[in-house]
Amino acid sequence: MSMDGRTCVITGSARGIGRGIAEYLGEEGANVVINYRSSKGDAQEAVDTIETAGGSAVAAQADVADRAEVEHMREVCHEAFGPADVLVNNAGITADEQFTEMTREEWDRVMDVNLGGMFNCTQEFFDDVWNADEGRLINISSVVGKQGNFGQANYAAAKSGMFGFTRTIALELAKGGSTANCVAPGFTRTDMVESIPDRVLERIVSGIPLERLAEVEDIAAVVRFLASEESSYVTGEVIDVNGGMDL
Ligand code: NAP
């Protein structure tokens, strides 16, 4: 199960789920590119944690919605470790509003980061993943992309858009022997969920068969499997990690 020597780029990995994925992969021997947009201190802390555990990591600033900055991130990756074997498109934002109140700016902002960022990063790293021995593209979607969620028309549209994108890229990567899959987390204990009012959160947890939120490690463990060579015959799939929310 070792990730020894595999180079993994994880977008939005200074905090939250991305950070959990980065540390998990780093501690298993991967070379990790920690991407951040604004959380420089947290990114450095993630690098230090991985290095202390005996792994290798480098921080790369880039707003995934900005193609030139993503190109720079690829250069940082190539300089530090060479081409990437694994790209995890994790960076994502919300801008919640009941649909009738939602502005076009809130719609565009969520699309630019969640889908535009995935477009930019996947295109910049496509050749790396294609040429890698067992290359992997992993997109972090959401249970909301499947079920919808009140006040999240923009986010739900972006997250379900990731499903079609992933299935298509899986077809386009397949001849090179590389795979593309989605992970669809349920509600996970990060800053993103911190902003949900307690009474709403209680209602959400009461509807989860496993009766708890996910921890970042729950998501990272599944990404870890998909990033490894052991998942080589799994492609174009959406793996739900949601405590049974859709049962
Ligand atoms: P989070 O705690 O809010 O962290 C978001 C991360 O994304 C941060 O590291 C942030 O970096 C980065 N980011 C945001 N916009 C970016 C941009 N334009 N360019 C580069 N990085 C950017 O979120 P999270 O809960 O860990 O969520 C991570 C992913 O999982 C998202 O795609 C989210 O939609 C998905 N997800 C989350 C949950 C949940 O319940 N938490 C459930 C399902 C799916 P900076 O701090 O540097 O800005």
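The values are calculated or read from the model by the stated rules, or taken from the named source; none is laboratory data. What you see is a predicted model; the values in this text were computed from it and never measured. Every residue, glycine as well, gets a Cβ built from its backbone with ideal geometry; the counts of neighbours run over all protein chains shown. For the accessible areas, the whole protein counts, side chains as well, though only heavy atoms, and no ligand, DNA or RNA atoms are used. Shrake-Rupley method; radii C 1.70, N 1.55, O 1.52, S 1.80 Å.
Annotations
- Cβ charges +1 (Lys, Arg) and -1 (Asp, Glu), total dipole of the chain, debye: 560
- Peptides 43-55, 118-130 ordered by average Cβ neighbours within 10 Å, highest first: 118-130, 43-55
- Overall, segment 1-70 carries a charge dipole of about 220 debye about its Cα centre when +1 sits on the Cβ of Lys and Arg and -1 on the Cβ of Asp and Glu, all other atoms neutral.
- Simple rule: put +1 on each Lys or Arg Cβ and -1 on each Asp or Glu Cβ in the chain, find the dipole, and look at A170, G145, G20; the Cα lying farthest toward the positive end is G145.
- Close amide-amide hydrogen proximity is noted between D240 and A184, each under 5 Å apart and 5 or more residues distant or on a separate chain (H modeled in the peptide plane; Pro and chain starts excluded).
- Here the gap between R104 and R203, fully extended at 0.36 nm per residue and compared with their Cα-Cα distance, gives a gain of 32.7 nm.
- Built amide H within the under 5 Å cut-off of T7, gap 5+: N31, D85, V86
- Centroid-to-centroid separation of segment 97-121 and segment 184-245 [C-alpha atoms, Å]: 22
- With respect to the chain, whose longest principal axis is taken over its alpha-carbon atoms, helix 153-174 is tilted by about 30°.
- The share of accessible area on the chain that comes from carbon and sulfur is 48 percent, using a 1.4 angstrom probe.
- With Cα atoms as the point set, the chain shows a radius of gyration and Dmax of 17.0, 51 Å.
- G145 sits among other residues whose Cβ lies under 11 Å from its own Cβ, and their net charge, with Lys and Arg +1 and Asp and Glu -1, is +1.
- Across the chain, the relative contact order, built from alpha-carbon pairs under 8 Å that are at least six residues apart, equals 19 percent.
- Placing a pseudo-label 7 Å from each Cα along the Cα-to-Cβ vector at E69 and W130 gives an inter-label distance of 2.7 nm.
- Counting 0.36 nm for each residue step from T168 to E217 and taking away their Cα separation leaves a gain of 14.8 nm.
- Computed [θ] at 222 nm, helices only, for the chain once each DSSP H run of length n ≥ 4 contributes -39500 (n - 2.57): -14000 deg cm²/dmol
- Each residue was assigned an accessible area with a 1.4 Å probe, and for R6 the value is about 20 Å².
- Taking the longest Cα principal axis of the chain as reference, the axis of helix 117-131 is set at about 30 degrees.
- Difference of contour (0.36 nm per residue) and Cα-Cα distance, V193 to S56: 46.4 nm
- Nearby lysines by direct alpha-carbon distance to K146 (threshold 16 angstrom, same-chain neighbours under 8 apart not counted): K159
- Rounded tilt (10° steps) of 16-27 against the dominant C-alpha axis of the chain: 30
- For the chain: accessible area per residue (Å², 1.4 Å): 46
- In Hz, Karplus ³J(HN,Hα) per residue of segment 191-196 (6.51, -1.76, 1.60; θ = phi - 60°; x = Gly, Pro): 4, 4, 7, 3, 7, 7
- Cleavage-rule hits, chymotrypsin sites (Phe, Trp or Tyr not before Pro), segment 177-247, DSSP coil, Cβ neighbours within 10 Å at most 13: Y233
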